[in-house]
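Contents: one structure, followed by commentary.
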Amino acid sequence: QVQLVESGGGVVQPGRSLRLSCAASGFSFSDYALHWVRQAPGKGLEWVAVLSSDGSVKYHADSVRGRFTVSRDNSKNTLFLQMNSLRPDDTAVYYCAREVAPDGYNHGDFGYWGQGTLVTVSS
Amino acid sequence: DIQMTQSPSSLSASVGDRVTITCRASQSLTRYLNWYQQQPGKAPKVLILAASRLQTGVPSRFSGGGSGTDFSLTISSLQPEDFATYYCQQSYLTPWTFGRGTTVEIK
């Protein structure tokens, strides 16, 4: 079955960096676009970034553009989120989510979600 | 960015009740509107895509409707496992945006 397992979260000081990973299994990883979506404690969902199946097309939300970068390694079935210049308002559970359609494109249809990894930005 | 407004923000209902949640977009989405359910402490789960397309494995008591700027999610007969928070999300234009959620609580 489809599995997405995030890792790399933790407590980090403002201004520092963190790299999240999302290990995928149970489907043909290189056929799907993948997203990062975050949820601040007690708050709603916020889309963060998307990367096409071949890594050629990526979009980032305005709130993270220039600080966060999404990437993937199709040989290792893994999605990454490099987070630099972290701020307290980046504190959230970060989910990776897979598109529904296996065409490699970004449609904004979040078919499967991982369980998330918590990032806390605090001094 | 497209703004998504859900109402109500929370509601109390009993098992067996019919419940409707509404979602309004700041511009027309045609039918590019999705619904997700999030149970406490868990990841969201997709219920409905493209306004009314029920996803595999989702019980038929869930239904979605609407087009343009106004959409709805209906649970025809609320079950204990349906007490959760529900989010609408537009898939019309990047950046993808969500409503603030509707929490369905036990009366």
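Lysines within cross-link reach of A:K43: Cα-Cα under 19 Å, excluding same-chain residues under 8 positions apart?
The reachable lysines, counting only those whose Cα sits under 19 Å from A:K43, are B:K42, B:K45.
Just tell me which lysines come within less than 21 Å, Cα to Cα, of A:K76; anything on the same chain fewer than 8 places away is out.
A:K58
Relative contact order for chain A using alpha-carbon pairs under 8 Å, separation at least 6, rounded to a whole percent?
Across chain A, relative contact order equals 35 percent.
Starting with the highest mean, order A:103-114, B:6-17 by the number of other Cβ atoms within 10 Å, averaged over the residues of each peptide.
For the peptides A:103-114, B:6-17, the packing ranking is A:103-114, B:6-17.
Could you please state how large a percent of the accessible area of the protein assembly as shown is carbon and sulfur, counting protein chains only and using a 1.4 Å probe?
Carbon and sulfur: 47 percent of the exposed surface of the protein assembly as shown.
To the nearest whole number, what is the average tally of beta carbon atoms from other chains within 10 Å of the beta carbons of peptide B:86-98?
5
Give me the residues in segment A:42-59 whose solvent-accessible area, probe 1.4 Å, is reduced by at least 10 Å² once all protein chains are included instead of the chain isolated.
At a threshold of 10 Å² (probe 1.4 Å), the residues of segment A:42-59 that become less exposed are A:G44, A:L45, A:W47, A:Y59.
Ratio of Rg to Rh for the protein assembly as shown, alpha carbon only, Kirkwood?
Using only Cα positions, Rg/Rh for the protein assembly as shown is 0.97.
Return the value, in Å² to the nearest 100, of accessible area buried between chains A and B (probe 1.4 Å, both sides summed).
Looking at A and B, the buried total is near 1400 Å².
So what's segment B:19-107 giving for Cα Rg divided by 2.2 N^0.38 Å, two decimals?
In units of the globular-protein estimate, segment B:19-107 measures up at 1.02.
Would you tally the net charge around A:S30, using a Cβ to Cβ cut-off of less than 15 Å, leaving A:S30 out, and scoring K and R as +1, D and E as -1?
So the surrounding residues net to -2.
Springs between alpha-carbon atoms under 10 Å, Gaussian network over chain A: tell me which of A:A49, A:A101, A:A33 tops the mean-square fluctuations.
Comparing A:A49, A:A101, A:A33 in the GNM, the peak value goes to A:A101.
Hey, got the average number of other protein chain Cβ atoms within 10 angstrom for residues in A:102-111?
5
The values are calculated or read from the model by the stated rules, or taken from the named source; none is laboratory data. Predicted, not measured: the structure shown is a model, and the values here were computed from it. No Cβ is skipped: glycine too gets one built from the backbone with ideal geometry, and neighbour counts run over all protein chains shown. The protein model used for the area step is the full one, side chains on, heavy atoms only, and it has no ligands, DNA or RNA in it. Shrake-Rupley method; radii C 1.70, N 1.55, O 1.52, S 1.80 Å.
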